[in-house]
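Report on the structure given below.
The values are calculated or read from the model by the stated rules, or taken from the named source; none is laboratory data. These numbers were taken from a predicted model, which means no experiment stands behind them. In this analysis, Cβ positions are derived from the backbone assuming ideal geometry, glycine residues included, and neighbour counts consider all displayed protein chains. Accessible surface areas use protein heavy atoms only, side chains included; no ligands, DNA or RNA. Shrake-Rupley method; radii C 1.70, N 1.55, O 1.52, S 1.80 Å.
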Amino acid sequence: MTPTVRTFVFLAAAASAVVAGRAQTPAPAQPPQQPSEVVSKITGDSGAPPRIAVPDFLVAGGDKDTAEIAKLLAQVLYDDLTFEAEFDLIPRDTYASIPVARSLSEAPFDRWRELGADGLLMGTVNKSGQNIKVEIRLFDVRTRRQLLGREYSGAASNPRLYAHTMADEVHLTQANLKGVARTKLTFSSDRVRDRATATIEQRNVKEIFIADYDGFNQRRVTVNRQLNVFPSWSPDGRAIAYTSYRRGYPDIFISLIYQGTMETPTNGTGQNWLPAFSPDGTRIAFTSNRDGNSEIYVMNRDGSSLRRLTTHPAIDSTPTWSPSGAQVAFTSDRTGAPQIWVVGADGLNLRRLTSESYADRPTWSPAPYNEIAFSVRTGSRFDIKIYQVDNGATRQITFGEGTNESPAWAPNGKHLAFMSTRTGRASQIFIARRDGKDVRQVTRDGNNFTPNWSPAQ
Amino acid sequence: MQRMRTWTTMVAVTMMAVAGASCSKKTPPVVRPAPPPAATADAGMGSTPAPPAPPPPVRDEPVSVALAPPDPAIGSKNLDDLNRESPLAPVFFALDSYELSADARTQLQGSAQVLKTNATWQVTVEGHCDERGTAEYNLSLGERRALSAKAYLVSLGVAADRLRTVSYGKEFPFDPGHDDAAWAKNRRAHFVITAK
């Protein structure tokens, strides 16, 4: 059994438990069939990114649904690979002229080469009852050698997870990249349309949701009919800290999403909001009015070792950690309009970073990048800019298509999630590459706000 | 329920009066509640031993009636009705500002009077913003607005521990519109009476 397969079985079990609300025992993984481990990587022509084709998977056995799954697996794998942009994917609607292989050993490599493919990702799927077995192989089209071979098996309840796992495997082995295919987003949504008890106004509540990074498998985390906003993943991916008004005022709660339990680290001291886990998961930076106005604090995850980082009568809010955990960037209006500032996690070396008309929601990229994305007021709306910490340069990645706010980095730093009204009045979550290209819509139901991206698997 | 308790109290008072009158060996009136026993004794013969001390008041003795607020219409309302009619009108702010305007101060002076008159009321001061700021910054801006209103009320003599603040940022607009008129209504400190 390879580590990959073992990891997958664990994930499938966890996912089943979340979906059904009860643990299911997945079928034991099959022993590995692949003849050899990967040693070589796919290459493109003269330094260009490798061109890769992903035809529909072959049906190796199953029921009437299996052909649909075979098509789905290829499409999801294709979408995942396209989004990371490490490879040049050959559009799937151009494969029609190429004969469908009857087995993985009979691929028409000459024809794929004519189409310009450097690599060919071929797979099979075999469905048996509630279980599924998926094989994936990456061939070098020129040499016809297999560069990667994997087999995955488990519950058939979420076939997309198999494709995502394959995409992550391809990126890890072929591009030395931790892909985001199995990551999730958490965000706040008013889609349930519940209303809080109020005396005069209609007050729509918001609950915390999670979804796969591509928007599938959306699930509700909180059920308390109050405002639940500003979710933030723990670095182990097992907990979400957020701001909830469940006690009538903003306070920080941590939901352990796979256990269904909750922690309240602030112990009822003051009002607290906008929690952000440190990169090592041991500390939480947050905003609190406990000393009279909005200031930045850091506490251990259990609420101990409280440290105040700012002391100023102006507003200090919205902290985010540097990749090393040594610094915290935040928003302050101490010089007038809100700007992005940075301070050491020891409270020393305060300095201002931006000179915008109005800047908020700094979010520091993970390593190896050292950049801070933030929302900036551009006219009557907001756009997303990125500040390079090393040289102070700033670039803009959205340009007035609706408002664009609350950016959040993907765990590999190659993508951003953000809220935008670009498709209409409703606020929705979108993801894009770090250059602002390849924008994909993640939510469509209700209004959705303040995304945060889970760690990689 | 309230009426029933009052009736029970009246019956109890009547019975006690009857008992007291019996002790003083007077023939009590029977058709209406008797005057208090002590008064009966004072009016009677000096040689008659003093009647026993009146029994302690029953639990529902309507003491609170004497402390009813000067405006009985407000006092009789439940919290929902009270808040719906809003004796503490909201105050409004300029864009990105938490400074109280002259109008807002005048408004709060009136609210301070209402709060002094109704000295038992507990109030939550909610800070709200319009939709044009970010959700994150607006949470702090709304807090500043609530604190501005509270601080002024306290300076006018309202006890600080009667005023709780909470910011909702731009989460609960009063007017769902997207124009200047709606935004002006949404940049506000809003008062909710939570106990009276």
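So for chain A, averaging the separation of alpha carbon pairs under 8 Å that are six or more residues apart and normalising by length, what relative contact order in percent results?
With pairs under 8 Å counted, the relative contact order is 10 percent.
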Subject >> Mean shadow area of the range A:75-223, taken as a quarter of the surface of its Cα convex hull (nm²) >> reply: 12.0 nm²
Original post:
With the calculation restricted to Cα positions, what are the radius of gyration and Dmax of the range B:72-195 in angstrom?
Top reply: 14.1, 44
**OP:** Give me the lysines in straight-line cross-link reach of A:LYS385: C-alpha distance below 28 Å, same-chain residues under 8 apart excluded.
**Re:** A:LYS178, A:LYS184, A:LYS206, A:LYS414, A:LYS437, B:LYS170
Original post:
Taking only protein heavy atoms and a 1.4 Å probe, what accessible area per residue, in Å², does the range A:152-194 have with all protein chains in place?
Top reply: 26 Å²
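Rounded to the nearest 0.05, what FRET efficiency do A:LEU256 and B:GLN113 have when you use their Cβ-Cβ distance and R0 = 51 Å?
Once the sixth-power term is evaluated, E becomes 0.55.
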Subject >> Positive-end residue of B:LEU156, B:TYR168, B:ALA146, charge dipole of the range B:122-196 with Cβ unit charges >> reply: B:LEU156
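For the range A:379-457, give the magnitude of the charge dipole about the Cα centre (Cβ charges: +1 Lys/Arg, -1 Asp/Glu; no others), in debye to the nearest 20.
140 debye
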Original post:
Taking B:LYS150 as the anchor, which aspartates and glutamates have their alpha carbon closer than 18 Å to its alpha carbon, excluding any fewer than eight residues away along the same chain?
Top reply: A:ASP291, B:GLU99, B:ASP103, B:GLU126, B:ASP161
Subject >> Kirkwood-based shape ratio for chain A, expressed as Rg/Rh from alpha carbons >> reply: 1.00
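Using unit Cβ charges (K, R positive; D, E negative) and no other charged atoms, how large, in debye to the nearest 20, is the dipole of the range A:184-453 about its Cα centre? Please list the in-between numbers first.
Numbers: 33 positive and 26 negative charges, 102 e Å.
So the dipole magnitude of the range A:184-453 works out to roughly 480 debye.
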Original post:
Applying 1/(1 + (r/R0)^6) with R0 = 30 Å to the Cβ-Cβ distance of A:SER46 and A:ASP93, what FRET efficiency is obtained, to the nearest 0.05?
Top reply: 0.65
Original post:
What is the distance, in nm, between label points placed 7 Å from the Cα along the Cα-to-Cβ direction at B:ALA195 and at A:ASP435?
Top reply: 6.1 nm
Original post:
Cα to Cα, under 16 Å, and not fewer than 8 places away if on the same chain: which aspartates and glutamates meet these conditions relative to A:LYS127?
Top reply: A:ASP56, A:ASP63, A:ASP65, A:GLU68, A:GLU135, A:GLU151
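Between A and B, buried accessible area summed over both sides at probe 1.4 Å, in Å² to the nearest 100?
Approximately 2900 Å², summed over both chains.
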**OP:** Quote the FRET efficiency, to the nearest 0.05, computed for B:ALA94 versus A:THR264 with a Förster distance R0 of 30 Å and r equal to the Cβ-Cβ distance.
**Re:** 0.25
Original post:
Share of chain A's accessible area from carbon and sulfur, percent, 1.4 Å?
Top reply: 48 percent
Original post:
Rounded, prolate or oblate: which fits the range A:178-267, taking a ≥ b ≥ c as square roots of the Cα gyration tensor eigenvalues, rounded meaning a/c under 1.5, else prolate when a/b beats b/c?
Top reply: oblate
**OP:** Give me the angle, in degrees from 0 to 90, between the Cα long axis of helix A:3-20 and the longest principal axis of the Cα atoms of chain A, rounded to the nearest 10.
**Re:** 60 degrees
